[in-house]
Amino acid sequence: MSDETLNKFDRIVAILIQLQSKKIVKAQELANRFEVSLRTIYRDIRTLEASGVPIYSEAGVGYALMDGYRLPPVMFSREEASSFIAAEKLMQKFTDTTLGNHYASAMYKLKAVLRTDDKVWVERIESNVLMQSSEKLFNDKSPNTLALLFESIAQKTQVLLSYDAFNSAEITERKIEPVGVFHDNNNWYVVGYCHLRKDYRQFRADRIHKIIKTEAAFTIKHNSLETYLDKEKTISTIKIRILVEKEIAHYLAYERKYYGFVSEKEIGDKIEMTFITREIEEGFPRWYLMFGDYAKILEPEKLKTRVLELLERNKQKLL
């Protein structure tokens, strides 16, 4: 059997598995995954149909299996099983408790179908892989935030948040229609339509103190998550670098994440911190003044000017 025949066989089996994994699969999606032409995908689909697999297609939509058709459980290779170890470690550190528990349960099922030798292989890797994160991604009062947001998006039902907004002195109640969630700069965010503000807003997961599912359905047909993220990108951000004395730097570890903290590096007896933020006029410069006598602004000049303005204003009030 030629290599070409083997590649075709592997691809057709993989296409069948993908068809079982989703309600609708587009031909272009398959072509992109396997790096072949659309014509090749069409031929592969006809091959599956000729072998008795009940596939139906809808022009401009994609392919799907008839309801009720399923193949027996697929065996995983040890390399595929190993890849789940990294995913499991990520789930433990970067998702909430509820989703982490669900994934752990799924992992037990996955390991149950492995051959004995492959189980040993996976166990050896598993015990020697760690994923460390110093940041708290979720509020302790709301350990199932991400899981409930996923349910809300899937069921298209509103959720009620108790939210600690950056510019608010108290926690506010927000009823939102979640559009999607994303992870950025060591934080989880949800984009949703806020009924209080009558507009789309981003909410950071660690500021959510409580989340409650409601039975209220979405009132608006929302665009994709990418639409709103692309809109956010049009709002300019500014890179900030400051140099902070070591004995003070560790006191900023918690608060800095609220101001767009990205990274840090040690330079002699000081710590250089980098931030990406839009709060160049109020939020960041006012926070900087709390410890400014132990720090130095490296960039931008605009931040230096704004801090001097605030200091001069404060000076005038003291005279």
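So that you can scan it fast, the table gives a plain yes or no per residue for (1) under 30 Å from N186 (Cβ atoms); (2) surrounded by 15 or more Cβ atoms within 10 Å (Cβ to Cβ); (3) modelled with pLDDT under 80:
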| site | (1), (2), (3) |
| --- | --- |
| V53 | no, yes, no |
| V61 | no, no, no |
| L65 | no, yes, no |
| P72 | no, no, yes |
| F76 | no, yes, yes |
| E79 | yes, no, yes |
| A86 | yes, no, yes |
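A Cβ distance below 7 Å, combined with a sequence gap of six or more or placement on separate chains, defines the contacts here; from region 263-274, residues that are in contact (Cβ under 8 Å) with a residue 12 or more places away in the chain and of a type in the set (K, R) reach residues that are surrounded by fewer than 17 Cβ atoms within 10 Å (Cβ to Cβ) and in a strand (DSSP E or B) in the pairs K270/L243; K270/E245.
The residues of region 280-290 that are closer than 12 Å to Y259 by Cβ and free of Cβ contacts under 8 Å to residues at least 60 places away in the same chain, listed by number, are I280, E282, F284, P285, R286, W287, Y288, M290. In this structure, L252 does not qualify as at pLDDT below 90, buried (at least 16 other Cβ atoms within 10 Å of the Cβ) and under 20 Å from R207 (Cβ atoms).
Out of the residues in region 256-276 that are open to solvent by 20 Å² or more (accessible area, probe 1.4 Å) and in a helix (DSSP H, G or I), state the one that is farthest from A165 (Cα to Cα). Restricting to residues being open to solvent by 20 Å² or more (accessible area, probe 1.4 Å) and in a helix (DSSP H, G or I), the top hit is R256.
Open to solvent by 70 Å² or more (accessible area, probe 1.4 Å), at pLDDT below 90 and over 29 Å from the mean Cα position of the chain (by Cα), is that true of L318? The answer is yes for L318.
Residue-level check: of (1) within 22 Å of the chain's Cα centre (by Cα); (2) at negative phi; (3) open to solvent by 40 Å² or more (accessible area, probe 1.4 Å), F218 misses just (1).
How about region 16-38: which of its residues are free of Cβ contacts under 8 Å to residues at least 40 places away in the same chain, open to solvent by less than 80 Å² (accessible area, probe 1.4 Å) and closer than 9 Å to Y63 by Cβ? Within region 16-38, V25, A27, L30 qualify. Checking each residue in region 221-244 for being closer than 29 Å to E264 by Cα, open to solvent by less than 50 Å² (accessible area, probe 1.4 Å) and modelled with pLDDT of 85 or more picks out I238, I240, I242, L243, V244. Filtering region 39-54 to residues that are farther than 19 Å from Q28 by Cβ and touching a residue at least 24 places away in the same chain (Cβ under 8 Å) leaves only V53. Can we say D3 is acidic (D, E), surrounded by 11 or more Cβ atoms within 10 Å (Cβ to Cβ) and modelled with pLDDT under 90? No. Taking the condition modelled with pLDDT under 90, surrounded by 13 or more Cβ atoms within 10 Å (Cβ to Cβ), of a type outside the set (A, V, I, L, M, F, W, C) and outside any helix (DSSP H, G or I), does E279 pass? The answer is yes for E279.
The strands (runs of 3 or more DSSP E) found wholly in region 132-210 include none carrying at least 2 residues that are modelled with pLDDT of 95 or more and under 21 Å from G283 (Cα atoms).
The values are calculated or read from the model by the stated rules, or taken from the named source; none is laboratory data. All values derive from a computational prediction rather than experimental measurement. As a convention, Cβ positions derive from the backbone with ideal geometry for all residues, glycine included, and neighbour counts pool all protein chains shown. Areas reflect the complete protein model, heavy atoms only, side chains present, ligands, DNA and RNA absent. Shrake-Rupley method; radii C 1.70, N 1.55, O 1.52, S 1.80 Å.
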